[in-house]
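Asker: Take a look at this one; I'll ask things after.
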Amino acid sequence: QQLCEYKAKYGNCLVPRRNTTIKLGNWVKNQRAYLRKYQQSNNRTSRMEDRIKLLNDIDFVWGVKQSSCAEKLEREIKESDDSSSQKP
């Protein structure tokens, strides 16, 4: 619920650890840790698979570093497109 509200307000699921809602930042950090443990384990549970699917459905960012690079690249492409469209 709080993550959906955060996404609606900020347009992404990149909740900083030191967010005004510290609990939400910790929760997000824990979800990423749970995924790493899940991927390393042989114990596949439908509960975790459902959680992963729900988070993926709202574009949850599992890897912050990966997301930062992807967002930077998208911005650069958009800026390049914008500047080329302004040329006569």
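Asker: For a quick check of your reading of the model, give me the residue pairs whose first member lies in the range 1-28 and is in contact (Cβ under 8 Å) with a residue 24 or more places away in the chain, whose second is of a type in the set (Asp, Glu), with beta-carbon atoms closer than 9 Å and at least 6 apart or on different chains.
Answerer: Between residues of the range 1-28 that are in contact (Cβ under 8 Å) with a residue 24 or more places away in the chain and residues that are of a type in the set (Asp, Glu), the close pairs are LYS7/ASP59; ASN12/ASP59; ASN12/GLU71; CYS13/ASP59; LEU14/GLU71.
Asker: Can you find a residue that is surrounded by 13 or more Cβ atoms within 10 Å (Cβ to Cβ), assigned to a helix (DSSP H, G or I) and modelled with pLDDT under 65 anywhere in the range 68-84? I'd like the intermediate steps shown before the answer.
Answerer: So the first thing to find is which residues in the range 68-84 are surrounded by 13 or more Cβ atoms within 10 Å (Cβ to Cβ), and the list is 71.
Next, only the ones that are assigned to a helix (DSSP H, G or I) stay: 71.
Applying the additional criterion that residues be modelled with pLDDT under 65 yields 71.
Within the range 68-84 (the criterion being surrounded by 13 or more Cβ atoms within 10 Å (Cβ to Cβ), assigned to a helix (DSSP H, G or I) and modelled with pLDDT under 65), the answer is yes, since at least one residue qualifies.
Asker: If I ask for residues that are open to solvent by 80 Å² or more (accessible area, probe 1.4 Å), part of a loop (DSSP other than H, G, I, E, B) and not β-branched (Val, Ile, Thr), which ones from the range 2-53 would you list?
Answerer: ARG17, ARG18, ASN42, ASN43, ARG44
The values are calculated or read from the model by the stated rules, or taken from the named source; none is laboratory data. The model shown is predicted, which means the values in this text are computed figures rather than measured ones. As a convention, Cβ positions derive from the backbone with ideal geometry for all residues, glycine included, and neighbour counts pool all protein chains shown. For the accessible areas, the whole protein counts, side chains as well, though only heavy atoms, and no ligand, DNA or RNA atoms are used. Shrake-Rupley method; radii C 1.70, N 1.55, O 1.52, S 1.80 Å.
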